[in-house]
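Trainee: Quick one: structure below, then a few questions.
None of the figures in this text is laboratory data; all of them are computed from the coordinates on show. Values in this document were obtained by computation on a predicted structure and should not be read as measured data. Note that we place each Cβ from the backbone using ideal geometry, even for glycine, and neighbour counts take in every protein chain shown.
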Protein chains: 2
Amino acid sequence: MTTASCPLCAGPGGELLWQSALYRVVMVDEPGYPGFCRVILNRHAAEMTELPPEERNALMNAVWAIEEVLRETVQPDKINLASLGNVVPHLHWHVIPRWRDDPHFPAPIWAVPQREQIRRELDLNRLKALLASRLLMLESLK
Amino acid sequence: MTTASCPLCAGPGGELLWQSALYRVVMVDEPGYPGFCRVILNRHAAEMTELPPEERNALMNAVWAIEEVLRETVQPDKINLASLGNVVPHLHWHVIPRWRDDPHFPAPIWAVPQREQIRRELDLNRLKALLASRLLMLESLK
């Protein structure tokens, strides 16, 4: 099911890193947060408890895979996970690497920024390759 | 393991609704958000991927049970789920009922409030009883 007015039904919602039958993973272009990813349900649904348990688990397994890859590669001080959807009520999970010197820390990234972004040297190609490999592994485990 | 300086190691972190060997559920006293709950890991750990998969699943099953009960009882326009922990890096999940006329909607509750809270008539005793019953059911399914 798609909903005509929904931007996550109309387009990928970011740079596509991975796509399965159930969900896709996009890289979020948010200054100060390199590695920030979203896991987006392909079909239109608003809440996790609208999904059958096996689909909830598959989405969360993607979230955990991304969290692991971010911890290994960009080595954040903390990971933030959130499924909000107040503006776009189409299920998506934010997987956000946080650093003590990032623009909003320790507040959530939706609060008022407290400082300028720090430029981080990161190997985004390696991060993307590792993400794709882990998400492919999840598919093969099904 | 507990950490001396951690407030979620030192105390329950809210009105205790449920406690299992792995986690506890507390009611959050946040004006404008009746029904707001937190699922808090009993021991000290910062990230979901520090837990073995069965413990991750058990925590998420509690989150889904609370989401279902909130949807049935307080009938929010949206549910917000988040595990942030930048200030208190001890695993806890926020399960937040949102309404279009709540203080921050459609922004996350950590943004600047946009309006006064609306007084809601809710049967909190029924909500608490239903939550306890669903969480007890999860324990018996293990």
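Trainee: Ranked by Cβ crowding within 10 angstrom, fewest neighbours first, how are B:T3, A:T49 ordered?
Mentor: B:T3, A:T49
Trainee: Taking Cα pairs under 8 Å and at least six residues apart, what relative contact order does chain A come out at, in percent?
Mentor: 23
Trainee: Choose one of B:W99, B:L51, B:L135: the residue whose Cα lies farthest towards the positive end of the charge dipole of the stretch B:32-142 (beta-carbon charges +1 Lys, Arg; -1 Asp, Glu; about the Cα centre).
Mentor: Ranked along the dipole, the leading option is B:W99.
Trainee: Follow-up. For chain A, give me every cysteine whose Cβ has no other Cys Cβ within less than 4.7 Å, ordered by residue number.
Mentor: Cysteines lacking a close Cβ partner in chain A: A:C37.
Trainee: Placing the label point 7 Å from Cα along the Cα-to-Cβ direction, what are the distances from B:Q19 to the equivalent spots in the other copies, shortest first, in nm to one decimal?
Mentor: Computed spacing set for this position: 5.0 nm.
Trainee: Sticking with this structure for a sec: If you put a point 7 Å past Cα along the Cβ direction, how far is that point for A:D123 from the same point in each other copy, in nm, smallest first?
Mentor: 6.0
Trainee: Which of the three applies to the protein assembly as shown, rounded, prolate or oblate, going by the alpha-carbon gyration tensor with a ≥ b ≥ c and a/c under 1.5 meaning rounded?
Mentor: Note, shape of the protein assembly as shown comes out rounded.
Trainee: Taking the beta-carbon count within 10 Å as an exposure proxy, list A:E47, B:E30 from fewest neighbours to most.
Mentor: B:E30, A:E47
Trainee: To the nearest 20 debye, what is the magnitude of the charge dipole of the stretch B:9-140 about its Cα centre, counting +1 on the Cβ of each Lys and Arg and -1 on the Cβ of each Asp and Glu?
Mentor: Here the size comes out at about 120 debye.
Trainee: If you rank A:L136, B:L81 by fewest surrounding Cβ atoms within 10 Å, what's the result?
Mentor: A:L136, B:L81
Trainee: Taking chain B as a Gaussian network, Cα atoms linked when under 10 Å apart, which of B:Q19, B:Q114, B:Q75 shows the biggest mean-square fluctuation?
Mentor: B:Q114
Trainee: Related question: Looking at the stretch A:1-63, I'd like the Rg to Rh ratio, where Rg is from alpha-carbon atoms and Rh is Kirkwood's inverse mean 1/r.
Mentor: That ratio is 0.97, to two decimals.
Trainee: Classify chain A from the C-alpha gyration tensor, please: rounded if a/c falls under 1.5, else prolate or oblate depending on whether a/b exceeds b/c.
Mentor: Here chain A falls in the oblate category.
Trainee: Still on this model: What is the spin-label model distance, in nm, from B:E72 to B:V87 if the labels are put 7 Å beyond Cα along the C-beta direction?
Mentor: For the pair B:E72/B:V87, the computed spacing is 3.2 nm.
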